[in-house]
1. Could you identify the single residue in P283, P296 that is surrounded by fewer than 23 Cβ atoms within 10 Å (Cβ to Cβ) and within 13 Å of the ligand (Cβ to nearest atom)?
2. Residue check: is E180 at pLDDT below 80, assigned to a helix (DSSP H, G or I), surrounded by 12 or more Cβ atoms within 10 Å (Cβ to Cβ) and of a type in the set (D, E, K, R)?
3. Quick one: which residue in L149, L124 is hydrophobic (A, V, I, L, M, F, W, C), assigned to a strand (DSSP E or B) and under 30 Å from S269 (Cα atoms)?
4. If you check A126, A75, which single one turns out to be buried (at least 17 other Cβ atoms within 10 Å of the Cβ), under 29 Å from P250 (Cβ atoms) and under 20 Å from the mean Cα position of the chain (by Cα)?
5. Test each condition in (1) at pLDDT 90 or above; (2) surrounded by 14 or more Cβ atoms within 10 Å (Cβ to Cβ) for T236 and report the one that comes out false.
6. Output the residues belonging to the range 311-348 that are over 18 Å from A210 (Cβ atoms) and either assigned to a loop (DSSP other than H, G, I, E, B) or touching an Asp or Glu at 6+ places or on another chain (Cβ under 8 Å) (or both).
7. Would you check which residues across the range 324-338 are in contact with a helix residue (DSSP H, G or I) (Cβ under 8 Å, 6 or more places away or on another chain) and not β-branched (V, I, T) and list them?
8. Do you know which residues across the range 1-56 are under 18 Å from R329 (Cα atoms), part of a loop (DSSP other than H, G, I, E, B) and near the ligand (Cβ under 9 Å from one of its atoms)?
Amino acid sequence: MEDIDVVVIGAGQAGLTGSYHLQRAGIDHVVLDHGDGPGGAWRHRWPSLRLGGVHGIHDLPGSPLRETDGARPAAEVVPEYFGRYEYEQELPVLRPVKVDAVRDGGERLLVDSSAGTWAARAVLNATGTWENPFWPHYPGQSSFAGRQLHTADYHGPEEFRGRRVIVVGGGISAVEHLLEIADVAETTWVTRRPPEFTDAEFTPVDGRAAVAEVERRVRLGLPPGSVVSATGLPNTPAVQAARERGVLNPLPMFERITADGVEWADGRSQRADVILWATGFRPVIAHLAPLHLREPGGGIRVAGTRAVAEPRLHLVGYGPSASTIGANRAGRAAAREITEFVRERSRKP
Ligand code: FAD
């Protein structure tokens, strides 16, 4: 077991930002990440998700993303950028190291990992959401004879050529899947709520409203919800063209799944070979379970970035900060608070 001031868990946008600020403050820390290489969740995004097609990737502190070719896959560009950043900023990233549990060890938090246990004064958790895809449950789901997959397993449209595909979900991922798959397959779009397309430029004011709502939820200990999904669907030229072709005409949510498709309450049905669940992600926090921080509402109560019931733990990239810009802000704020906390503890006899 090794004593250390801070363990950062996860080397995505949030963890690297936190590490950068801890480094500058001279705080002894390590970043544990179980990916095979740099990039956080971006290394797993589907190859056809181009840099120009994402909402926007915020720069890491102190070193901008210089790539200008919007046609390159985000899953290539971002890992390159993060890898260069880790190297240039000399961040103490160890990988692949999986954190299995964070426990209360009295004076310190104990971080159990595939590379041993660290005894830390504080933990900055930045494990994102990608590894916890959310699958809703519908009656008859297990009877479906076709294939079901989640956005997290999507690798592009080719494997669906000539099939009948139902895409479930009202967010930007669902729209991107439909734009691609509709060129090679018969698609049906199903959403819980009518999606809102917007011609308006996304403004910081919209962003603030979405963030404020998610902040309210985490203060109450409720599951955070997605801050990225609260921003509306941009009516890009590609989206407009697809709407004109009838590709983006959503149907309401079906009531049940059958062996060969889905059925609505009014008796309508649709045959399908594939159901693609673009239904979002939940925070990756199972390794924090030994700390017993979950509220009856299902979330962890967080004030700013600090867990209310465990002040030595900060969550970044969680709830209101689960966007690239939010991860930056939260990483900086958490690193500052942790720096104060660690300095104060080190002064104590
Ligand atoms: P991640 O990038 O997920 O990094 C978490 C890291 O933690 C990973 O490297 C993982 O290996 C590691 N990890 C997890 N568990 C463990 C463990 N137990 N032990 C060790 N390591 C662990 N946001 C935007 O602002 N703009 C966009 O355009 C945008 N597009 C998106 C598109 C999709 C399809 C999705 C799913 C999200 C999108 N987001 C977007 C959200 C955004 O990607 C993230 O909120 C942001 O990148 C913050 O990343 P993060 O550091 O919190 O997490």
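1. Working: P296 fails: within 13 Å of the ligand (Cβ to nearest atom).
The unique qualifying residue is P283.
2. Numbers: at pLDDT below 80: no; assigned to a helix (DSSP H, G or I): yes; surrounded by 12 or more Cβ atoms within 10 Å (Cβ to Cβ): yes; of a type in the set (D, E, K, R): yes.
No; evaluated as a whole, the condition is false for this residue.
3. On the way: L124 fails: under 30 Å from S269 (Cα atoms).
The conditions single out L149.
4. Values: A126 fails: under 29 Å from P250 (Cβ atoms).
Of A126, A75, the one residue that is buried (at least 17 other Cβ atoms within 10 Å of the Cβ), under 29 Å from P250 (Cβ atoms) and under 20 Å from the mean Cα position of the chain (by Cα) is A75.
5. (1)
6. H314, V342, S346, K348
7. First pass over the range 324-338, keeping only residues in contact with a helix residue (DSSP H, G or I) (Cβ under 8 Å, 6 or more places away or on another chain): 324-332, 334-336, 338.
Passing the criteria: G326, A327, N328, R329, A330, G331, R332, A334, A335, R336.
8. Within the range 1-56, G10, A11, G12, H55, G56 meet the criteria.
The values are calculated or read from the model by the stated rules, or taken from the named source; none is laboratory data. Not measured: the values here are computed from a predicted model. Positions of Cβ are generated from backbone atoms using ideal geometry, with glycine treated the same way; all protein chains shown enter the neighbour counts.
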